[in-house]
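No lab work stands behind these numbers, since they all come straight from the coordinates. Predicted, not measured: the structure shown is a model, and the values here were computed from it. Using ideal geometry, Cβ is built from the backbone for each residue, glycine included, and neighbour counts are taken over all protein chains shown.
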Amino acid sequence: MEILIQGGTLVDPSQDVYEQQDILIRDGFIVQIAQSIDSAGKTVIDAAGKLVIPGLIDLHTHLREPGGEHKETVLTGCRAAAAGGYTSITALPNTNPVMDDWRTVNYVNMLADRAGLVRVWPVGAVSKNSAGKEMAEIGTMVKAGVKAVTDDGRGVADARLLKNALLYCKQFGIPLFEHCEEESLAGDGQLHEGVVAVKLGLPGISSSSETVMLARDLLLAEESGAHLHIMHVSTAKAVEMIRQAKASGLNVTAEVTPHHLLLTEEAADGYNSMAKMKPPLRTDADVKALRLALADGTIDAVATDHAPHTEAEKTGDFQSAPFGIVGLETAFPLLYTHLVKPGLLTLDQLIDRMSCRPAAILGVPHGSLKPGFAADLAVIDVSNEQVIDRHSFLSKGKNTPFDGWPVYGVPAITMVAGRVIMKDGIILDA
């Protein structure tokens with residue numbers, strides 16, 4: 001069957017295209033892009049007035065299953081991803097049991113195949129049970145399909161373990177994703193160590209809790225020559241350190257979340273637990289530094305750190321509420337509205353950081369609409385304003401500080417391998 005996406009503005013940084021183009025799809029693959037393609041005998045998708053972009057790819061997704069199905073499942077996470085224009089997501093290993101061996105990886109792969117929606121790329125644990133004591137079975141997990149390893153939720157405290165894991169990752173050609181947080185400095189902190197923490201009488205999390213561990217990790221990355229990927233960067237000092245590391249030739253990449261680009265510690269004022277995340281929201285100076293780093297390429301990617309929690313968990317008192325917010329359904333519209341429309345980031349740059357570069361970091365053949373690539377794409381409505389309504393989320397998690405925000409750039413269609421899996425907010429199950 002041939003599908004023709006007609007009349008849309010194609011924006012694809014991987015081939016430096018930003019113009020009205022038709023896209024012809026056959027058997028799940030893109031076979032032609034041109035200004036005008038004959039529609040005779042083809043199924044036509046009218047994209048006039050809309051953007052057509054490579055499908056978004058998320059490097060940092062918590063799907064919770066197995067063990068946390070009351071918060072999210074692979075199926076509900078995939079549905080949320082499709083609603084947000086994502087065609088590929090990761091599955092991070094902080095599950096129960098932890099995804100630290102090939103059996104759990106295979107189980108998550110089975111759940112993703114059963115969901116039949118977006119592509120799911122498992123990420124294994126660095127250490128067994130993510131306990132930071134003994135290295136996990138990285139080699140067997142790679143054979144089962146993991147694209148990276150991480151103990152996200154905590155940094156790898158044992159320097160020797162991290163160095164050995166980096167060497168294993170180099171051997172297997174995968175990156176190590178590191179959560180840079182020195183736990184002895186973070187302690188029982190609840191939000192950024194700043195004016196809001198003082199005002200609320202809550203223990204803070206210092207910026208140095210991020211940068212102290214980052215400094216050690218960069219030294220080990222230099223020594224090992226492995227690919228180190230820094231997760232959810234939150235401080236201006238960390239940006240400076242990553243910029244210097246890249247200038248020195250280190251194989252380092254980094255990500256930032258939408259919430260760290262758009263919010264400061266002030267969002268948590270009044271004990272707003274919806275704005276409680278780790279790393280915490282920082283200062284206005286940090287936000288400005290993160291935005292500049294994303295624009296100049298020091299930070300390679302936007303990742304959601306999609307972290308669903310139940311309503312009861314998240315709306316209790318501030319100190320008992322878990323860290324984290326959901327992000328798959330809001331990431332692109334928020335950043336298009338608040339970074340691209342004001343001219344702080346170009347549309348090309350946003351798509352590059354949300355699709356092309358994440359694909360390169362994971363080493364997967366996606367993030368492009370070139371002929372020969374799988375037809376993984378999103379059609380984006382940039383003309384009509386919509387309001388974020390957390391109660392309409394397809395994720396089980398409704399925990400977001402962005403409820404009620406007006407946005408543009410909501411995905412109208414998400415397609416994976418030539419099959420429309422979402423149209424106008426409705427999931428089209430296989």
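For the reader, a short list of remarks on this structure follows.
- For residue 192, the residues whose amide H sits under 5 Å from its own are 205, 281, ignoring neighbours fewer than 5 places away on the same chain, with H placed 1.01 Å from N.
- Pairs of Cα atoms nearer than 8 Å and 6+ residues apart set the relative contact order; for segment 155-238 it is 37 percent.
- Folded to 0 to 90 degrees: helix 74-83 orientation relative to the chain principal axis, Cα: 60
- Spherically averaged projected area in nm², based on the convex hull that wraps the Cα atoms of segment 53-362: 14.2
- Of 238, 148, 318, farthest towards positive along the dipole that unit charges on Lys, Arg, Asp, Glu beta carbons give segment 53-362: 148
- Amide H contacts for residue 121 (H built 1.01 Å from N in the peptide plane; partners 5 or more residues away or on another chain; cut-off under 5 Å): 89, 90, 91.
- Each residue of segment 53-69 is assigned a 3J(HN,Hα), and the resulting list reads 10, x, x, 5, 10, 9, 7, 8, 10, 9, 9, 6, 9, x, x, x, 5 Hz, derived from the Karplus form 6.51 cos²θ - 1.76 cosθ + 1.60 (θ = phi - 60°), x at Gly and Pro.
- Around residue 282: net Lys/Arg minus Asp/Glu count, Cβ-Cβ under 11 Å: -4
- Angle between the chain longest axis and helix 284-296 axis [Cα atoms, degrees, rounded to 10]: 50
- Of the residues 117, 82, 292, the one whose Cα sits farthest towards the positive end of the charge dipole of the chain is 117 (charges of +1 on Lys and Arg Cβ, -1 on Asp and Glu Cβ, taken about the Cα centre).
- Computed magnitude of the charge dipole of segment 53-362 (debye, nearest 20; Cβ of K, R +1, Cβ of D, E -1): 600
- Estimated D of segment 158-283 in µm² per second, where Rh is the Kirkwood radius over Cα pairs and Stokes-Einstein applies at 4 °C, 1.567 mPa s: 85
- Within straight-line cross-link reach of residue 133, aspartates and glutamates at Cα separation under 12 Å, skipping those fewer than 8 residues along the same chain: 151, 158
- The equivalent ellipsoid that matches the C-alpha gyration tensor of segment 187-249 spans semi-axes of 29, 11, 8 angstrom, in descending order.
- Remark on segment 260-301: ratio of C-alpha radius of gyration to 2.2 N^0.38 Å is 1.25.
- For the chain, the longest principal axis of the Cα atoms and the long axis of helix 236-247 meet at an angle of about 70 degrees.
- With a cut-off of 14 Å between beta carbons, the residues surrounding residue 407 carry a summed charge of -3, where Lys and Arg count +1 and Asp and Glu -1.
- In sequence order, segment 415-424 has phi-based couplings of 10, 10, 6, x, 10, 6, 9, 9, 9, 6 Hz under the Karplus curve 6.51 cos²θ - 1.76 cosθ + 1.60, θ = phi - 60°, and Gly or Pro positions carry x.
- Gained length - residue 48 relative to residue 143, 0.36 nm times residue gap less alpha-carbon distance: 29.9 nm
- Equivalent-ellipsoid semi-axes of segment 13-83, from the Cα gyration tensor, Å, largest first: 34, 15, 11
- Here the relative contact order of segment 281-430, from alpha carbon pairs under 8 Å that lie six or more residues apart, stands at 23 percent.
- Our summary gives the chain a relative contact order of 20 percent, counting only alpha carbon pairs under 8 angstrom and 6 or more residues apart.
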